[in-house]
Amino acid sequence: MSIEIEYEIFTPQMASWICAAGSSAEGIDAEKMRQIVSIGRFPADILTGIGCEDLEIVTTISVFEKMVFDHGIGTDILSRFHSILCAPKQIFNSASRPGSVVVVTLEIQRGNPIIIPIQLSKPVGKYQPNVHWVSSAYAKDNPRQLQKWEKDGLLLWGTT
């Protein structure tokens, strides 16, 4: 038995609000931080290329706030998050987390590619459908690691 869940949709306006509210003296309310939001879904070519189910891609306001204030992801990137996620350079199997992938975006921050780790088909609650869970986004400070992942045969989708 599965209950259909409707998540709030992540929008450019929400990205701006996270950046503004998170930097204010009041911050973001703890209950709001736990809120799960929908980023969208992968396009068919990526689903086929990485061999995963067509599930909602989600995360929490807290994770987006961490991307901005801990990892320096700007409003411009956050506001285009779904389109950036769905037009990657490469997608790798995670070397350290079974059932997860690492999306390497075309976006560059401080000279390094921004990567997005995602746990595929994650259960989020009893009777709720599984989701693809975005756990973070940050500039990969050791881009040579990407070459190692490729050499180790972890490349699922994309170009070299």
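Once the chain from Ser121 to Asp141 is taken as fully extended at 0.36 nm per residue, the excess over their C-alpha distance is 4.5 nm. For the chain, the relative contact order is 23 percent, taking Cα pairs closer than 8 Å that sit 6 or more residues apart in sequence and dividing their mean separation by the residue count. Only one of (1) 77, 38, 28; (2) 79, 60, 27; (3) 46, 45, 24 was calculated from the structure for Cα extents along the principal axes in Å, and its label is (3).
The lysines within cross-link reach of Lys148, meaning a Cα-to-Cα straight distance under 18 Å and a gap of 8 or more places when in the same chain, are Lys89, Lys140. Modelled spin-label separation between Leu106 and Phe69, with each label point placed 7 Å from Cα along the Cα-to-Cβ direction: 3.2 nm. Estimated from helical segments only, the mean residue ellipticity of the chain at 222 nm is -8000 deg cm²/dmol, where each DSSP H run of four or more residues counts as -39500 (n - 2.57). Maximal additional length on extending the Glu6-Asp54 stretch stands at 15.7 nm, based on 0.36 nm per residue less the C-alpha distance. Projecting the Cα atoms of Pro117, Phe69, Leu55 onto the charge dipole of segment 8-158, computed from C-beta unit charges around the Cα centre, puts Pro117 farthest toward the positive end. Using the Cβ-Cβ distance between Gln13 and Ala95 with R0 set to 45 Å, the FRET efficiency works out to roughly 0.80. A simple charge model with +1 on the Cβ of Lys and Arg, -1 on the Cβ of Asp and Glu and nothing else charged puts the dipole of the chain at about 560 debye relative to its Cα centre.
The numbers here are math on the coordinates, done by the rules we state, and not lab data. Since we're looking at a predicted model, the values are computed, not measured. Virtual Cβ from ideal backbone geometry, glycine too; neighbours counted across all protein chains shown.
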